[in-house]
Amino acid sequence: MRLHSSSLSLADTLAPLVWNPAWRLVLASASPQRSEILSGLGIDFEARPTAADELSAGDPVEVALANAVAKAEAGRAALSAEERESCVVLAADTVVALGEKIYGKPADAEQARRYLTELSSAAHEVIGGIALIDVDGARRTTLARTEVEFLPLSAEQIAEQIDLDEWQDRAGGYAIQLSGDEMVARIGEDRLNVVGLSVSALGGLVQGLLPTGSSAPDRYTD
């Protein structure tokens with residue numbers, strides 16, 4: 001699906017949400033990495049994966065935000081009327097882009113091989129869109145951007161990566177928290193954004209949600 005100029009505006013200007021301990025957080029995602037990051041932070045939440053129509057082409061920033069919003073809206077739509085009075089829905093989307101080209105989740109091993117070949121020796125960007133819908137139905141969005149530069153990769157190295165099957169269901173065809181880290185020459189400050197959820201961006205979107213002194217799992221931040 002391609003993003004058209006008629007798509008709704010994603011430039012939300014609402015003030016950060018102030019968390020109410022009486023609320024419940026619903027993560028509209030099936031991502032084990034996002035769940036583990038939230039759990040590692042000590043955040044109480046419930047994961048409820050949702051199905052939403054996602055964009056696969058267009059401006060990478062707009063695609064990441066639009067997909068996050070679509071997932072959050074689908075998550076809220078799945079709540080009962082009673083649940084909507086106390087549940088805040090969180091959703092995220094990760095886009096890997098080299099210039100304006102988006103590298104989504106590879107359809108097969110051959111596409112994953114092409115992705116890694118094109119990303120070899122290149123500095124690409126990982127864009128994380130985050131959307132939050134509060135108990136009143138108000139939507140807040142934010143964005144995280146991290147530059148990742150790959151080492152020069154030989155055909156043999158790429159083949160070894162593909163054989164690990166880590167490319168499956170992962171944007172760009174690699175997992176930074178697994179052996180994908182071995183392909184990286186340089187990575188920006190927000191590593192968790194590459195894993196799947198920027199904690200710093202989330203903290204700026206909602207105040208009081210992150211427990212004091214909390215930190216993500218070491219294997220995601222090292």
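Bear in mind these aren't lab numbers, they're just calculated from the coordinates by the rules spelled out. Just so it is clear, the structure is predicted and the values come from calculations on it, not from any experiment. So basically every Cβ, Gly included, is an ideal-geometry build from the backbone, and we count neighbours across all protein chains shown.
Mind checking the alpha-carbon convex hull of the chain and giving the volume per residue in Å³?
Values: hull volume 25.4 nm³, N = 222.
Output value, Cα hull per residue: 114 Å³.
Could you give each residue of the stretch 158-166 its phi-based ³J(HN,Hα) in whole Hz, using Karplus coefficients 6.51, -1.76, 1.60 with θ = phi - 60°, and x for Gly or Pro?
5, 4, 5, 5, 4, 5, 6, 6, 6
What angle do you read, to the nearest 10 degrees and between 0 and 90, between the alpha-carbon axis of helix 109-119 and the longest principal axis of the chain?
Long axis of 109-119 versus the principal axis of the chain: about 80 degrees.
Computed FRET efficiency, Cβ-Cβ of residue 77 and residue 117, R0 41 Å: what is it to the nearest 0.05?
Step by step, r from the Cβ atoms, then E = 0.55.
When 23, 167 are ordered from fewest to most other Cβ atoms inside 10 Å of their Cβ, what list results?
Fewest to most other Cβ atoms nearby, the residues stand as 23, 167.
Which of 29, 198, 80 moves the most in a Gaussian network model of the chain with Cα springs under 10 Å?
Of 29, 198, 80, the most mobile in the Gaussian network model is 80.
Under a point-charge model restricted to the Cβ atoms of Lys and Arg (+1) and Asp and Glu (-1), what is the dipole moment magnitude of the stretch 22-209 relative to its Cα centre, in debye to the nearest 20?
420 debye
Place +1 on the Cβ of every Lys and Arg and -1 on the Cβ of every Asp and Glu in the chain, take the dipole about the Cα centre, and give the residue among 39, 107, 183 whose Cα lies farthest towards its positive end.
The one lying farthest along the dipole's positive direction is 39.
Run the helix sum for the chain: -39,500 (n - 2.57) per DSSP H stretch of 4+ residues, divided by residue count, reported at 222 nm to the nearest 500 deg cm²/dmol.
One gets -8500 deg cm²/dmol as the mean residue ellipticity at 222 nm.
Enumerate the amide H contacts of residue 30 below 5 Å, restricted to partners 5 or more residues apart or on another chain; note that Pro and chain-start residues carry no placed amide H.
Correct list: 50.
Normalise the Debye intensity by I(0) for the stretch 47-94, one equal point scatterer per Cα, no solvent, then take log10 at q = 0.21, 0.23 Å⁻¹ and round to two decimals.
Values, matching the q order: -0.68, -0.77.
In the chain, what % of DSSP beta bridges are antiparallel (nearest 5)? Display every interim value, and only then the final one.
Details: 26 of 36 bridges.
Antiparallel: roughly 70 percent of the beta bridges in the chain.
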